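Take a look at the structure below.
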Amino acid sequence: MSVEDAKYREVERLAALRELRLLDTPPSESFDRITRMASHAFGLATAAVSLTDLDRQWFKSRVGIDVESMPREGAPCSEVATNGSVLVIPDLALDPEYRDTALAGSGARFYAGAPLLTRDGLAIGALCVVGSTPRTFSDAETAMLRDMAAMVMAQVELQHAYGRIDPMSGLPNRTQCLDDLNDLVRTEAKGGRRLVVLVDLASPNEINHATRVIGANFLDDLIKEAADILRSVLGPSRLAYMLGPSQIAFLAPSGVVEAEYLQLLSMMLGAIRQNASSRFVTTVALGVARLEIGVTDPVDVLRFAHCAAQDARDTEGKVSLYSSEQDTLHRRRFDLINAFGQALDEPDQLNLVFQPRIALATDVCVGAEALLRWTHPTLGAISPGEFIPLIERTTLAKSTTMWVLNAAMEQLAAWRASDRDLVMAVNVSAGNLNEPDFAERVIAVLERHDVPADRLELEITESAIMEDAGRALEQLRKLSGTGIRLAIDDFGTGYSSLSYLQLLPIDTVKIDRAFIADCTEGAKQRSLVETMTKLSHDLGFQVVAEGIETQAIANLLLEIGCDEGQGYLLGRPMARDTFERWFDGADAANDTIAA
Ligand code: C2E
Ligand code: MG
Ligand code: MG
């Protein structure tokens, strides 16, 4: 090989070594196992996985060696790496090349090393064994050492390529992250503490939205750019890990002062926002969790950091530190979200109840609102006030609304078949309005159950519409165009401007319970409801009052001119059978009154 070729090969070799990102990583049991085995098999006290860096031999794994690395100069492993072939030195003291080296000086007499060869035939270092007395090395032993070196490389490849690197970002993935954290926990002193930082690049809703507006490559580009930024922020010696579709984690350096580090992260976040391209149309949030060595399980620390990142979304600085006091709450939320995903596939955990909607002037039940109920197998009934906001933050919102819609339309079809003609109201989540095919899927459900479009009313909150007003409008127009009725739920609690409401193709305004509950308490409260009703009527909307609990309120609302009412006074949410009995009874009562 010419000098030029040799130089070129050395550059390639070093590049391959760097690429594998093994240098300066913590010890790992999967390598230590092999070195221990080599030491035992040859009856030698010293064995090592020795990587040949530019100017040093760095030990990924070592038995019988105290130092982490030694100079490359004069190290037999360096020769193994350069030549890519096995080297056996039966007696270092007699070897003209090595008798004056540090290794020989340390009392070592025997050396054997087999190259650690990549698939491309580049030797990144050696698996070596060293003894304190001269000895021979048989062909069989040479073959065994070679086999063990191949095992080391199999492990390297396993870690590097198979299921450990995220293809999009090129970052090590969650499996690798957990392995590395476990190794860290094993090797760092008990009682120590490290901080794990989780960078959440976007909320699920933002991902859905941006993918639609910018295109399917949006997330890929976002991840690549974020990974590049983090690589340059962290430098070559510290790793970032791709944990989930939009989450990257890394470890803070040891010994940082928590408060200062959090501040640094805030600044880093600001810098990322400033320097990043327009792809960062999403909100990046940082969650930080403590890994207490010997106390925290690495799996938990990742979950904690994830929870903290979710919390961070609701804070101004978008950085949040996980505190153990929140654990019970977070744990419950986390468990609920997981369990709800399963509940959607189970036949008997979810069911609908129906709350009657009454025309105030005639006392006739004209419709019902379908409300979701969840009976958790061990925790029992979970209130929608608790689980709905949780799942609305996830992509489960899509399947949940479809589940409810389907069950509600099936019920409605059955009621229509038995002469109970009603309008069924179904609640829609904010995220649904971001689904490109939402309207089409709703229409498909109506068709499946053969229900006319004007028998379905979709309830949407003001805030859901305002989240992305342009897009919501597009969906609402599509829905309304087919004859489906649309209602603004919890009216008065959001911030939508009335002039904007006027542009929406809605049919109904449901005034929130908060206003109804105290409308009989004083002139101001009354006039608020009166104004909302009048204004809605002027804009051509039908008005429904939510949460009527007393007869006095019902009377006042009738006087004000409110069209319909819902509330415990008029009828509680009821299971199907109860609702049917109640409806048939109320119907009969009305007939009697009419007669
Ligand atoms: P909402 O859509 O405003 O539903 C009305 C809520 O007020 C229901 O609570 C109902 O039981 C309650 N309510 C009705 N009348 C009275 C009354 O006179 N007094 C009082 N104190 N409360 C009354 P629920 O069933 O617990 O649901 C809470 C919220 O959860 C709903 O508010 C809705 O936003 C959400 N939700 C329920 N089911 C679904 C669903 O299938 N999909 C979605 N996306 N959200 C749902
Ligand atoms: Mg509602
Ligand atoms: Mg409501």
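Laboratory data are not the source of any read-out in this text; all were calculated from the coordinates shown. Please read all numbers here as calculations on a predicted model, not as lab measurements. Neighbour counts are summed over all protein chains in view; Cβ atoms, including those assigned to glycine, are modelled from backbone coordinates with ideal geometry.
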- Task: Could you order peptides 146-154, 452-460 by the average number of other Cβ atoms within 10 Å of their residues, highest first?
- Result: 452-460, 146-154
- Task: Determine the calculated [θ] at 222 nm for the chain from helices alone, applying -39500 (n - 2.57) to every DSSP H run no shorter than 4 residues and normalising by the residue count; nearest 500 deg cm²/dmol.
- Result: -14500 deg cm²/dmol
- Note, ³J(HN,Hα) from phi for region 36-45, Karplus 6.51, -1.76, 1.60, rounded to Hz, x at Gly and Pro: 4, 4, 4, 4, 5, 4, 9, x, 10, 6
- Task: Apply the Karplus parameterisation 6.51 cos²θ - 1.76 cosθ + 1.60, with θ equal to phi minus 60°, to every residue of region 366-380 and state each ³J(HN,Hα) to the nearest whole Hz, in sequence, with x for glycine and proline.
- Result: 9, x, 8, 9, 7, 10, 7, 10, 10, 10, 6, x, 10, 8, x
- Message: So for the chain, averaging the separation of alpha carbon pairs under 8 Å that are six or more residues apart and normalising by length, what relative contact order in percent results?
- Response: 8
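Regarding the chain, what is the average projected area of its C-alpha convex hull, in nm²?
On the way: hull surface 143.0 nm².
Mean shadow area of the hull around the Cα atoms is 35.8 nm².
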- Over 28 Å between alpha carbons, listed pairs K60/K190; K318/K510; K190/K318; K318/K478: K318/K510; K190/K318; K318/K478
- Rounded, prolate or oblate: which fits region 134-272 when a ≥ b ≥ c are the square roots of the eigenvalues of the alpha-carbon gyration tensor, with rounded for a/c under 1.5 and prolate only if a/b beats b/c? oblate
- Message: Under the rule of at least 5 residues apart or a separate chain, name every residue whose amide H is placed under 5 Å from the amide H of T46.
- Response: V130
- Item | Rel. contact order, % - alpha carbon contacts under 8 angstrom, at least six apart, region 3-161 | 23
- Task: Specify the inter-centroid distance of region 328-363 and region 371-430, based on alpha-carbon positions, in whole Å.
- Result: 6
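Please compute the net charge surrounding V11, taking Lys and Arg as +1 and Asp and Glu as -1 over other residues with Cβ under 12 Å from its Cβ. Working shown, then result.
Numbers: positive: K7, R9, R13, R18; negative: E4, D5, E10, E12.
Result for the neighbourhood of V11: 0.
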- Query: Rounded to the nearest 5, what % of the DSSP beta bridges within region 478-576 are antiparallel ones?
  - Reply: 10
- Task: Please give every one of the aspartates and glutamates within straight-line cross-link reach of K398, meaning a C-alpha to C-alpha distance under 16 Å, and leave out same-chain neighbours fewer than 8 residues apart.
- Result: E206, D345, E435, D437, E440, E459
- Query: Using modelled amide H (1.01 Å from N, peptide plane; none on Pro or chain starts), what sits under 5 Å from the amide H of G125, excluding residues fewer than 5 places away?
  - Reply: T52, L116
- Query: From the Cα gyration tensor of region 41-116, with a ≥ b ≥ c the square roots of its eigenvalues, which class applies: rounded if a/c is under 1.5, or else prolate if a/b is larger than b/c, or else oblate?
  - Reply: rounded
- Query: Out of residues 5 or more away from E549 or on other chains, whose amide H comes under 5 Å of its own, with H placed 1.01 Å from N in the peptide plane?
  - Reply: L569
- Query: Which of the listed residues, T315, A38, A425, is farthest toward the dipole's positive end in the chain, when Lys, Arg count +1 and Asp, Glu count -1 at the beta-carbon?
  - Reply: A38
